[in-house]
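S.K.: I have a structure here, written as structure tokens, and I will follow up with some questions on it.
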Amino acid sequence: MKVTISDVARLAGVSTATVSHTINSTRYVSGDTKEKVYQAIRQLGYTPDASARSFRTGKKRTIGFIVPDISNKFFGTIIESAENHLSAKGYHLIIANTKENMDREETNLRLLTAGLVDGLLVASTMDDFQRLDSLIPPGFPVVLVDRTFDARKYSSVTVSSFQSIYQSVRRLAGRGKRRIGLVAGLPRLSTTRERVAAYRAAVADCGLPPEEELIVYGNSMEDSAPPCLDRLLDLGCDAILVCQGLMASVTLAYLRGKGIRPREDLELVSFVDYDTSAYEFYYERVDRIVQPVEELGRIAGEQILLRVETPAAPVEERVLTSVYRPCGEQESV
């Protein structure tokens, strides 16, 4: 039997009007009440009836963007770049923040595909493509951003850092570094898997011992960087590669606080994916892997509008590449 808005209201202990206001953001609802409603929606698997109505009544000229961490400037830059393109075409952008939580992503997917938006940009934190796919109505326009899956059902725009990481590890080994540590993001993410694979390939090709304990995983949030760094420093690493931008920015400040000088005391490779001018002080001391974030956002905006306005367009995978800049090299103008 189909789950109704009344079922959600009953389980959450609120009125059906409150459920409606929560879903549609048409009136203020307290944070605690929202959480009760969302929990009931997740538990019951409720999808608002607005989904069918939206396909009959036409487009709303609104795109949704589900991101894992809105406080991360990497995603903030992608959002801004995508929004610039969309607004120029007469579209609005709605942002949903999952905080790298799969249940929150599921809730947002259900709500946004229920007639609220014409299409979705998704930087997914899911570990299972089938779970993601099951939440998207057939034919609904979706573009995966930054993170993707082995299944190639949806268009995507990503950045490959394989060669940049491979080159950086080879260069560190060429400088005589033998214990090169890696700080990676969440193991379930496609970006993490590619970066770890590049590191392992370079270590093997350089003839270094494959020490898996030198690979540590954070949660892609800034507070996960210090424990990862402490572990690698305790293991005697003479070089560290931090392959996620937010954790890399924290690394620079954390090492400085411990009196560890990049280049002099420890070789460091840092992902840089926003406001690279903020790193000028470290340019002579830190190798950088620079991601084309603004281009990533612009192409994401282009791709979702293509999917919305031309539903029959073939699935397209756009892969950009990061750039490895050894320490001392300035940004090109």
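The values are calculated or read from the model by the stated rules, or taken from the named source; none is laboratory data. What you see is a predicted model; the values in this text were computed from it and never measured. Positions of Cβ are generated from backbone atoms using ideal geometry, with glycine treated the same way; all protein chains shown enter the neighbour counts. Protein only, heavy atoms only, side chains kept; ligands, DNA and RNA dropped before computing areas. Shrake-Rupley method; radii C 1.70, N 1.55, O 1.52, S 1.80 Å.
S.K.: What lysines does residue 89 reach when the alpha-carbon gap must be under 19 Å and sequence neighbours fewer than 8 apart in one chain are set aside?
M.R.: Residue 89 reaches 59, 60.
S.K.: For the chain, what does the relative contact order come out to in percent, with C-alpha contacts under 8 Å and a separation of six or more?
M.R.: 18 percent
S.K.: Run the accessible area of the stretch 182-243 with a 1.4 Å probe and give the carbon-and-sulfur part as a rounded percent.
M.R.: Carbon-and-sulfur percentage of accessible area, whole number: 53.
S.K.: Work from the charge dipole of the stretch 85-231 (Cβ charges, +1 for Lys and Arg, -1 for Asp and Glu, about the Cα centre) and give the residue of 156, 216, 166 farthest towards its positive end.
M.R.: Going by the Cα projections, it comes out as 166.
S.K.: So for the stretch 20-169: antiparallel DSSP bridges make up what percent, rounded to the nearest 5?
M.R.: Here the share of antiparallel DSSP bridges comes out near 0 percent.
S.K.: Could you order 171, 193 by accessible surface area, starting with the largest, using a probe radius of 1.4 Å?
M.R.: 193, 171
S.K.: Further, regarding this structure: Charges at C-beta only: +1 for Lys and Arg, -1 for Asp and Glu. How large is the resulting dipole of the chain about its Cα centre, in Debye rounded to 20?
M.R.: Its charge dipole is roughly 760 debye.
S.K.: Hey, another quick one. Express in Å², to the nearest 10, the accessible area of residue 206 obtained by rolling a 1.4 Å probe over the protein heavy atoms while all chains stay in place.
M.R.: It works out to around 40 Å².
S.K.: What ranking of 65, 149 comes out by heavy-atom accessible area, probe 1.4 Å, highest first?
M.R.: So the residues, ranked largest to smallest area, are 149, 65.
S.K.: Modelled label-to-label distance, residue 190 and residue 61, 7 Å Cα→beta-carbon offset: nm?
M.R.: If labels sit at residue 190 and residue 61, their model points lie 3.2 nm apart.
S.K.: Give the long-range amide H neighbours of residue 321: residues separated by 5 or more places, or on another chain, with amide H under 5 Å away, using H modelled in the peptide plane at 1.01 Å from N.
M.R.: Amide H to amide H, under 5 Å and 5 or more residues apart or across chains, residue 321 pairs with 160.
S.K.: At 1.4 Å probe size, put 20, 156 in order of accessible surface, largest to smallest.
M.R.: Ranked list, largest accessible area first: 20, 156.
S.K.: Something else: Under a straight-distance cross-link criterion of Cα-Cα below 29 Å, which lysines are reachable from residue 177, leaving out those fewer than 8 residues away in the same chain?
M.R.: 258
S.K.: Residue 34: which lysines have alpha carbons under 23 Å from its alpha carbon, excluding same-chain residues fewer than 8 sequence positions away?
M.R.: The qualifying lysines are 2, 99.
S.K.: Now for a separate question. On the full set of protein chains, 1.4 Å probe, figure out the accessible area of residue 221 and give it in Å² to the nearest 10.
M.R.: Its heavy atoms expose roughly 40 Å² to the probe.
S.K.: Something else about it: Can you work out the accessible area per residue across the chain, with the rest of the protein chains kept in place, probe 1.4 Å, in square angstrom?
M.R.: Heavy-atom accessible area per residue stands at 45 Å².
S.K.: Further, regarding this structure: Could you point to the residue in 247, 74, 13 farthest towards the positive end of the chain's charge dipole, with +1 and -1 charges on the Cβ of Lys/Arg and Asp/Glu respectively?
M.R.: So the residue furthest toward the plus end is 13.
S.K.: Separate question: Just the number, please: carbon plus sulfur as a percent of the accessible area of the stretch 48-170, 1.4 Å probe, no ligands or DNA/RNA counted.
M.R.: Summing carbon and sulfur atoms, their accessible area is 47 percent of the total for the stretch 48-170.
S.K.: I would also like to ask the following. Restricting the count to DSSP beta bridges whose residues both fall in the chain, what percent are antiparallel, rounded to a multiple of 5?
M.R.: 10 percent
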